[in-house]
1. Give all pairs with beta carbons closer than 8 Å in which a residue from the range 31-43 that is assigned by TED's automatic domain parsing to the domain that holds VAL19 and in a helix (DSSP H, G or I) meets a residue that is of a type outside the set (Val, Ile, Thr) and at pLDDT 85 or above; count only pairs at least 6 apart in sequence or on separate chains.
2. For ARG179, are the conditions met, namely being touching a helix residue (DSSP H, G or I) at 6+ places or on another chain (Cβ under 6 Å), within 30 Å of VAL209 (Cα to Cα) and in a loop (DSSP other than H, G, I, E, B)?
3. Quick one: in the range 257-274, of everything that is under 22 Å from ILE169 (Cα atoms) and not β-branched (Val, Ile, Thr), which residue is modelled with the lowest pLDDT?
4. When the residues of the range 284-295 are narrowed to those that are at pLDDT 75 or above and surrounded by fewer than 14 Cβ atoms within 10 Å (Cβ to Cβ), which ends up farthest from VAL158 (Cα to Cα)?
5. Return the pair list, or none, for Cβ contacts closer than 6 Å from residues in the range 111-135 that are closer than 20 Å to LYS6 by Cα to residues that are among the polar types (S, T, N, Q), at least 6 apart or on different chains.
6. Being surrounded by fewer than 21 Cβ atoms within 10 Å (Cβ to Cβ), part of a helix (DSSP H, G or I) and among the charged types (D, E, K, R) is the filter here; which residues of the range 101-117 pass it?
7. Which ones in the range 140-158 are touching a residue at least 60 places away in the same chain (Cβ under 8 Å), surrounded by 18 or more Cβ atoms within 10 Å (Cβ to Cβ) and on the phi < 0 side of the Ramachandran plot?
8. Suppose the filter is part of a strand (DSSP E or B), assigned by TED's automatic domain parsing to the domain that holds ALA273 and surrounded by 14 or more Cβ atoms within 10 Å (Cβ to Cβ); does ARG196 pass it?
Amino acid sequence: MAVTIKDVANRVGLSPATVSRALNKSGYVSAENVRRVEEAIAELGYQPNWMARGLHGKSSNLIGLIVPEVMSLYDNSVIQVIANELHHHGYGLLLCLHNEEGEQDLGYLRHLREKQVSGIIYTHPLNGNNSAFVRQLADQIPVIELNRRRERDTLDAVLADNIQGAYQITHYLLGLGHRRIALIMGEDELTTGQNRLHGYQLALGDQGVAIDPDLVRIGSFSRSHGEAATAALLDLDPIPTAILAGSNRILMGVLQVLTKRHVTIPDTISVAAFNDTEWLQIWDPPITTVDIDVAEMARLA
């Protein structure tokens with residue numbers, strides 16, 4: 001049986017992605033770990049895929065980037081920063097948009113494998129779970145997860161500190177005197193939603209505020225979920241005094257329902273959200289947000 005990069009990783013106690021970076025010199029790996037990887041390769045007789053491709057003239061200076069779309073300001077910023085960084089280092093970009101659909105995502109993962117790209121920067125789709133295929137792919141190609149991770153994933157990833165971000169914004173709302181703070185969040189299969197929920201719970205617990213299950217609405221990171229959850233929250237008695245929206249799409253649904261029902265912000269309900277965007281800068285009254293440094297995350301990836 002041929003030796004794989006996973007065998008090398010197991011021998012040295014590192015992730016396959018870290019071993020790949022050491023082989024490709026495509027990111028920071030300590031000198032000691034590089035030495036250990038080289039020793040393990042010699043001992044196991046492993047031949048990296050990029051060497052085999054190079055012998056046949058098939059090596060690639062392309063990096064695959066899989067993101068949901070180009071229309072969102074977040075994804076657009078990610079694409080621009082990564083494209084500039086890759087150009088600076090002599091790499092080209094192969095862009096794939098899965099539109100949050102697992103079937104499209106799987107097709108693009110296979111396409112990038114066939115194109116023999118030098119690495120993949122990957123954002124999970126909200127619909128569908130291709131984690132098993134991604135883990136297999138990472139045995140052949142360096143894969144970095146960006147912004148989203150599923151619970152049992154062990155690949156290298158660049159993620160926002162969602163626990164701390166949720167804690168800070170919930171703590172801010174508590175400091176304004178709010179005690180009935182609703183959270184509208186997306187899928188709990190993704191660590192994004194899990195960690196934001198955890199930060200929210202920690203902040204309430206630290207202030208001795210009991211968590212009301214009726215105020216926590218878990219669904220999808222979508223505008224429609226924001227609308228449905230907000231409508232349900234407004235039917236409670238008493239209604240929440242603040243709503244924390246788990247994403248920009250959720251926030252759009254929240255604001256649409258509040259506007260339609262003539263609920264004033266912040267007089268009746270305060271609203272806060274994750275991810276600052278340009279359109280929020282002209283919203284009146286202003287919406288408090290947790291700003292994620294998208295450019296820095298993209299550069300790190």
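The values are calculated or read from the model by the stated rules, or taken from the named source; none is laboratory data. Given the structure is predicted, the values throughout are model-derived calculations rather than measurements. Using ideal geometry, Cβ is built from the backbone for each residue, glycine included, and neighbour counts are taken over all protein chains shown.
1. ASN33/LEU14; ARG36/LEU14; VAL37/LEU14; ALA40/ARG11; GLU43/ARG11
2. Values: touching a helix residue (DSSP H, G or I) at 6+ places or on another chain (Cβ under 6 Å): no; within 30 Å of VAL209 (Cα to Cα): yes; in a loop (DSSP other than H, G, I, E, B): yes.
Here the answer is no, as ARG179 does not meet what is asked.
3. PHE274
4. Within the range 284-295, the subset at pLDDT 75 or above is 285-290.
When the remaining residues are screened for being surrounded by fewer than 14 Cβ atoms within 10 Å (Cβ to Cβ), the result is 285-286.
Values: PRO285: 33, PRO286: 29 Å.
Across the range 284-295, the extreme among qualifying residues is PRO285.
5. So the pair list comes out as GLN116/SER60; VAL117/SER60; SER118/SER60.
6. Selection gives GLU103, ARG110, ARG113, GLU114.
7. Just the residues of the range 140-158 that are touching a residue at least 60 places away in the same chain (Cβ under 8 Å), to begin with: 140-144, 146-147, 154-156, 158.
If we keep only those that are surrounded by 18 or more Cβ atoms within 10 Å (Cβ to Cβ) as well, we get 141-144, 146-147, 155-156.
Correct list: ILE141, PRO142, VAL143, ILE144, LEU146, LEU155, ASP156.
8. On the way: part of a strand (DSSP E or B): no; assigned by TED's automatic domain parsing to the domain that holds ALA273: yes; surrounded by 14 or more Cβ atoms within 10 Å (Cβ to Cβ): yes.
Judged against the criteria, ARG196 is not a match.
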